[in-house]
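Working notes, structure below.
The values are calculated or read from the model by the stated rules, or taken from the named source; none is laboratory data. Quick caveat, the model's predicted, so the values are computed rather than measured. Don't worry about glycine lacking a Cβ; one is built from the backbone with ideal geometry, like all the others, and counts go over all protein chains shown. Note: areas computed on protein heavy atoms with side chains; ligands, DNA, RNA excluded. Shrake-Rupley method; radii C 1.70, N 1.55, O 1.52, S 1.80 Å.
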Number of protein chains: 2
Amino acid sequence: MNNDRIDNILELMEEASLDYFLISDPESIAYCTNYLNYPYERMYVFMISKHGDHKLFCNDLFYIDEDLDVDIVWHKDGDDAIQTIVDHMAFPNRIGIDKNWPSRFLLALMKKLPKAKFINASPCVDLVRMKKDLHEQVLMIEASRINDLAMQDVIDLCKEGLSEKEIAQKLPAIYIKYGADGNSFEPMIAFGKNGADPHHSNDNSHVKECDSIIIDMGCIYKGYCSDMTRTVFFGGITEKQIEVYELVKKANETAEKMIKPGVKLCDIDKCARDIINEGGYGKYFNHRLGHFIGRDVHEYGDVSASFDIEVEEGMIFSIEPGIYLPNEFGVRIEDLVLVTKDGCQVLNSYSKDIQII
Amino acid sequence: MNNDRIDNILELMEEASLDYFLISDPESIAYCTNYLNYPYERMYVFMISKHGDHKLFCNDLFYIDEDLDVDIVWHKDGDDAIQTIVDHMAFPNRIGIDKNWPSRFLLALMKKLPKAKFINASPCVDLVRMKKDLHEQVLMIEASRINDLAMQDVIDLCKEGLSEKEIAQKLPAIYIKYGADGNSFEPMIAFGKNGADPHHSNDNSHVKECDSIIIDMGCIYKGYCSDMTRTVFFGGITEKQIEVYELVKKANETAEKMIKPGVKLCDIDKCARDIINEGGYGKYFNHRLGHFIGRDVHEYGDVSASFDIEVEEGMIFSIEPGIYLPNEFGVRIEDLVLVTKDGCQVLNSYSKDIQII
């Protein structure tokens, strides 16, 4: 168990007057126990107790052969798994629930405890996970370093004339070559007009002269994610592409420069958005500036107008302004940043200069 | 919308006295609407109403440009999405909930409707999805035909001495070559001792003389899955491997022969299990005989001792007996079967004879 992390969660549970907190997110359970397991449809819950008697409820199909330093309560297929939780609670009054716990489990638990109050308590772990400890920082720095190396390989593949899908298929092997475990998400390789959809799905398109190429990709390294976007141009570049690219780059770099403890996330979003607005492309930047990342590629926390939390040392999030011009092209430039004592460390070093391949 | 399918669901809703059923599973929504969308953390619900005024609740980030023939109720990030559901209900008393609806949505809805009853209603759609209509059958027959072709390619790669991971990485491109869209699940390539774990994760192992090789793989074709396992041997085979292989093959083939409408799923499981028990390997066959499959690779419905439903025409499920000998080797042989009027059609034709490569 990682007692420092659990103590931080217990502090927030106390503020919310929770007796118990049932965590079901596999990554959050691993964050607390150092043990990652994907139970698919089976019940799998780590219960944090204000009394200190934390328990892991686990189906015996998932044999755990490590010394976890956590009490495991086993159940079998066919058992009443929810009852095993109830049996280990003392006078449960206010019970915190994981935001993503499947309703079938919650409905069954409510039936057994008709007088208890059930509260979505995920902020108690999500807020703690926003700040990375030193162990996590080291892994995420390495994940981004590998991503920088892999970006050059992907750009080289773009030169060879493969389709978007063909390039994307080769990425897991590239990551493995550099020591990572594979993709942290399905990469986006978007040629020309396809790049005008910020969430384009790779297709069989081939690159054409003067296409922009958006490459959004990330790997998993020892359980932690990277995520970076670069936009390059094939065979040539138009005046308009230069204008849009330089504007996005300025938004990216200016936003990164203002990051330090105490600055609000919404103000970082505003900084980048103002630059793109002033350049006349405001309506074509139609998503948040960034998201938090760690064990999951999208974690709780946005760099957006609706998130007014202050930045703290140890936070890691993306800065990814973009401009998407329907039927023309798109540009996005994304780095991960780690907030330091008095600024931030940009975790990606792959060049942001205009590159024509 | 697919009104035949929705009518079948409405029948089961009536038996359960439900006023509304909130479906959140993207594949179940696609089953009803012919439109597939993965909303990630956003709320996405198809509401089936006993009054007939079905609605799709959707975040406006997910632009739908097809003519869906369904009323869409849009919300934006920042809106109270749950309120949009409440606003479209008339006197909700008993509300069916998708088994996997994230708890945060259910808790928010319960707060707004304190007098309503909430019921896990997933069986109302899961039971309907167990029987495939003709359109689905055609797609699943093709998905399995492609899987048969791809199996030979994978066996050829095994001859070349690649590692488990390296072989697995090449499979998506093989499927695409044959017209499918990629894997339906992470394939398992297990050499020798690794095959003694029925859920082995591919690693960097290389094949050795007299290793068994378990290959469990499947593709997605136009939204529908295939899933097949074959076990072959590298360079030679031992007497014990022959004995175990023939026993598993007999269990597979005998179980498949007994399948026809009216036979109970649990009895099919028992038939295969009895054969392996009689052969003296009963304790090494430690999983259910099969599972249902369709839009998802694992759908509701088991071929197991705890499932006493009778087989009906149109059902498609797997028959996959296995024997897993710790520290030695494993054997599994799996086909998909489609229940016909008076028997079943085995959807996989790749040979089950002993093959030494």
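As a summary of the residue check, B:LYS341 satisfies the conditions (1) more than 19 Å from the chain's Cα centre (by Cα); (2) farther than 16 Å from B:ASP133 by Cβ except for the one numbered (2). Note on region B:30-67: among residues that are open to solvent by 80 Å² or more (accessible area, probe 1.4 Å) and hydroxyl-bearing (Ser, Thr, Tyr), the one that is modelled with the highest pLDDT is B:TYR38. From A:ASP342, A:ASP353, A:ASP302, grab the single residue that is of a type in the set (D, E, K, R), without any contact (Cβ under 8 Å) to a residue 24 or more places away in the chain and over 17 Å from A:CYS219 (Cα atoms). Answer to the selection: A:ASP353.
For region B:284-314, give me each residue that is under 12 Å from the mean Cα position of the chain (by Cα) and not small (Gly, Ala, Ser). Matches in region B:284-314: B:HIS291, B:PHE292, B:ILE293, B:ARG295, B:ASP296, B:VAL297, B:HIS298, B:GLU299, B:TYR300, B:ASP302.
Among the residues of this structure, A:LEU107 does not count as one that is touching a strand residue (DSSP E or B) at 6+ places or on another chain (Cβ under 7 Å) and part of a loop (DSSP other than H, G, I, E, B).
Of the residues that sit in region B:318-348 and are farther than 20 Å from B:CYS158 by Cβ and in a loop (DSSP other than H, G, I, E, B), which one is most open to solvent (accessible area, probe 1.4 Å)? Here the answer is B:LYS341.
Exactly one residue among A:LYS193, A:LYS208 is charged (D, E, K, R), assigned to a loop (DSSP other than H, G, I, E, B) and more than 14 Å from chain B (Cβ to nearest Cβ), and that residue is A:LYS208. Here is the figure for region A:74-104: residues that are away from every other protein chain (no Cβ under 11 Å), in contact (Cβ under 8 Å) with a residue 40 or more places away in the chain, assigned to a loop (DSSP other than H, G, I, E, B) and not polar (S, T, N, Q) total 4. Among the residues making up region B:236-262, those that are part of a loop (DSSP other than H, G, I, E, B), touching a strand residue (DSSP E or B) at 6+ places or on another chain (Cβ under 7 Å) and either over 20 Å from B:HIS287 (Cβ atoms) or open to solvent by 10 Å² or more (accessible area, probe 1.4 Å) (or both) are B:GLY236, B:ILE237, B:LYS260, B:PRO261, B:GLY262.
The requirement of being over 22 Å from B:HIS200 (Cα atoms) and away from chain A (no Cβ under 14 Å) is satisfied by B:ASP274. For residues that are within 14 Å of chain B (Cβ to nearest Cβ) and of a type in the set (Val, Ile, Thr), scanning just region A:105-151, find the one that is farthest from A:ASN3 (Cα to Cα). Here the answer is A:ILE119. Here A:GLU160, A:GLU256, A:GLU246, A:GLU166 are screened, and the one residue that is within 14 Å of another protein chain (Cβ to nearest Cβ) and of a type outside the set (A, V, I, L, M) is A:GLU166. For region A:150-161, which positions are on the phi < 0 side of the Ramachandran plot and either among the acidic types (Asp, Glu) or surrounded by fewer than 17 Cβ atoms within 10 Å (Cβ to Cβ) (or both)? Matches in region A:150-161: A:GLN152, A:ASP153, A:ASP156, A:LYS159, A:GLU160. Taken over region A:126-136, the criterion of being crowded, with 17+ Cβ neighbours inside 10 Å and assigned to a helix (DSSP H, G or I) is satisfied by A:ASP126, A:VAL128, A:ARG129, A:MET130, A:GLU136.
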